[in-house]
Amino acid sequence: MRPPYKSRAFLEIVGQALRLPLFVLPSDLEQSFIVNSKRCLPHTHEASARQATPLDMTRKSKRAREIYTLSDLQNWRAISRELQPPIRLGVFGDPVAHSLSPKIQNAALKHHKIDVQYTAFQIASNELPDALRLVRELDFIGVNLTVPHKIAALADVDDVDVAARKIGAVNTVAIRDGKLVGFNTDA
């Protein structure tokens, strides 16, 4: 399974949400991508020197918890008020404690001075519709989905890309113009 940070959909989500050109981790050992608000472009040293834009990460950071819940999302503004950088990305699963995604994603975000955090959310199957509605309302960029949500999410998103529809499962949900858009980055 390909890590989410190696997918074009995830990289485009981050680039579009931040409305900045970003230098992003290599997608494999031989190629990297520059993400801007329109597309992923193959990386060259000349392009990264021209387009890399560091974000200000000098604000004092409050440490995020390792796992949040639906109840936390319901009180998100109060819970996350002092978190710096803000949490705007995450992974929904049940179970989710084993996921390495937050460590991988946060290392990549920090390395490239992208001023957001990624965290894990313990979301039960019956909580998925509410959790997705809340991340839409709370100005999240998007979330990744793991077991058991990949198939169920098809019914909870507003739009699904061709690959996800063909596979019959969604593992990445982007919030675009107030809509939940499902992708499958395993394709």
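Observations on the structure shown:
- Among 125-138, 142-155, the peptide with the highest mean count of other Cβ atoms within 10 Å heads the list, and the full ranking is 142-155, 125-138.
- Between residue 87 and 117, the built amide H atoms are under 5 Å apart, and every one of these is 5 or more places off in sequence or on another chain.
- Percent RCO, i.e. relative contact order, over the range 70-187, from Cα pairs under 8 Å lying at least 6 residues apart: 24 percent
Bear in mind these aren't lab numbers, they're just calculated from the coordinates by the rules spelled out. None of these values were measured; they are calculated from a predicted model. Please note: Cβ atoms are built from the backbone with ideal geometry, for glycine as well, and neighbour counts cover all protein chains shown.
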